[in-house]
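Student: Before I ask anything, here is the structure I am working with.
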Amino acid sequence: MATTDKRELEVTEKKPIEASGGEPTRQGITYTPQVDIVEDPNAITVYADLPGVKRDDLVIDVREGVLWLTATVGAHPDHWQPVHREYQEGGYERRFSLGDRIDTEKISAKLENGVLALVLPKAEAQKPRKISIA
Amino acid sequence: MAIIRWRPEADVFSQWERMQHDMAGMLAASRPWAGGDEATFRPEVYPALNIYDDGETFVVRAEVPGVDPKNIEVEATGDTLTIRGERVLPEPGANASYHRRERDSGQFRRSFTMPKPIDNTKVIAGCVNGVLELRLPYAEEAKRRKITVKAL
């Protein structure tokens, strides 16, 4: 039990992506990562939980106004005999539609402690601007 | 553990069943491997664990994305391990608003007992890409040993 009044974390079940209308093209399970999306006057920031993902196994791709997040996770070594399993290892995939208010040239990403922070700066024309009255 | 509203009209049997369920959940969280080999058990206590055995060492892995390794504490008492920590999420600025909020912050604590004696002086703990990994070598007395047969 927690010793302070801070809330206790609970286990959230990983959500596998259902193959809709067709066979999945890759092997293994793919999960929908949990995200927070925060907007401030200058940018929209996406935080995505991607435990187990190495930087080289993460692909961030913008195609026709849609941002694709695809990541793979390596399996445990073959000679490790599973004794107990509470979660499955699998890749992650999620799409975000950007619309035209994001400056796609300036998107930046950082991966730290299994969390991707993706900063999507707003296009100049979309930023709030004070107009002074003459 | 979840806080459940007291409903006096609920019959005593369902409460008994819930108590049994809670007890089973607590037991399973502390002795996860007891459910059988590779049983898939959904724990209520964070974090979810996988346990592997390479013949000399147990490897415990837990997905803890967004938890700073500095905020994780691992303690071994005999064959019982306790993982404690806190996940702190960045505070959005004053002008920010959430479009989506699926991630949680909070504290966690989980204790579990290994299926075989371990040498808890040689436990190694590390955190890579948001996955906590513990390596727990078998205790000397639990190691497989060849015994020479001689004429007695």
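The values are calculated or read from the model by the stated rules, or taken from the named source; none is laboratory data. Computed from a predicted model, the values in this text were never measured in an experiment. Quick reminder, even Gly has a Cβ in these numbers, built from the backbone with ideal geometry, and neighbours come from all protein chains shown.
Student: Listed residues B:Asp54, B:Asp68; which is over 13 Å from the mean Cα position of the chain (by Cα), modelled with pLDDT of 95 or more and not small (Gly, Ala, Ser)?
Tutor: B:Asp68
Student: Which one of these does B:Glu86 not meet: (1) within 8 Å of chain A (Cβ to nearest Cβ); (2) over 19 Å from A:His84 (Cβ atoms); (3) part of a loop (DSSP other than H, G, I, E, B)?
Tutor: Every condition holds for B:Glu86 apart from (3).
Student: What number of residues within segment B:109-152 satisfy the criterion of being within 30 Å of A:Ala117 (Cα to Cα) and assigned to a strand (DSSP E or B)?
Tutor: Count: 12.
Student: Being more than 18 Å from A:Gly114 (Cβ to Cβ) and touching a Ser or Thr at 6+ places or on another chain (Cβ under 8 Å) is the filter here, so list the residues in segment B:79-95 that pass it.
Tutor: Once the filter is applied, which keeps residues that are more than 18 Å from A:Gly114 (Cβ to Cβ) and touching a Ser or Thr at 6+ places or on another chain (Cβ under 8 Å), segment B:79-95 yields B:Asp79, B:Thr80, B:Leu81, B:Thr82.
Student: If you scan segment A:26-66, which residues turn out to be part of a strand (DSSP E or B), more than 30 Å from A:Lys130 (Cβ to Cβ) and touching a residue at least 12 places away in the same chain (Cβ under 8 Å)?
Tutor: A:Thr30, A:Tyr31, A:Thr32, A:Val35, A:Ala48, A:Asp49, A:Leu58, A:Val59, A:Ile60, A:Val62, A:Val66
Student: Follow-up. Among the residues of segment A:68-96 satisfying the criterion of being under 30 Å from A:Ile107 (Cα atoms) and of a type in the set (D, E, K, R), which is surrounded by the fewest Cβ atoms within 10 Å (Cβ to Cβ)?
Tutor: Looking at the filtered set, the residue picked out is A:Arg95.
Student: Something else about it: Is it the case, given these coordinates, that A:Pro77 is facing another protein chain (nearest Cβ under 9 Å), modelled with pLDDT of 85 or more and in contact with a Lys or Arg (Cβ under 7 Å, 6 or more places away or on another chain)?
Tutor: no
Student: When you scan segment B:87-110, how many residues do you find that are buried (at least 16 other Cβ atoms within 10 Å of the Cβ) and either under 15 Å from the mean Cα position of the chain (by Cα) or among the hydroxyl-bearing types (Ser, Thr, Tyr) (or both)?
Tutor: The total comes to 4.
Student: Consider segment A:53-104. How many of its residues are touching a helix residue (DSSP H, G or I) at 6+ places or on another chain (Cβ under 9 Å) and on the phi > 0 side of the Ramachandran plot?
Tutor: Summing the residues that are touching a helix residue (DSSP H, G or I) at 6+ places or on another chain (Cβ under 9 Å) and on the phi > 0 side of the Ramachandran plot in segment A:53-104 gives 1.
Student: Restricting segment B:48-64 to residues that are in a loop (DSSP other than H, G, I, E, B) and either touching a Cys at 6+ places or on another chain (Cβ under 9 Å) or buried (at least 20 other Cβ atoms within 10 Å of the Cβ) (or both), which is nearest to the other protein chains (Cβ to nearest Cβ)?
Tutor: Among residues in segment B:48-64 that are in a loop (DSSP other than H, G, I, E, B) and either touching a Cys at 6+ places or on another chain (Cβ under 9 Å) or buried (at least 20 other Cβ atoms within 10 Å of the Cβ) (or both), the one nearest to the other protein chains (Cβ to nearest Cβ) is B:Ala48.
Student: Just to be sure before I move on: is B:Val67 among the aliphatic types (A, V, I, L, M) and assigned to a strand (DSSP E or B) in the structure I sent?
Tutor: So B:Val67 does not fit the description; no.
Student: Going by the conditions given, is B:Gly85 of a type in the set (Gly, Ala, Ser) and at pLDDT 85 or above?
Tutor: yes
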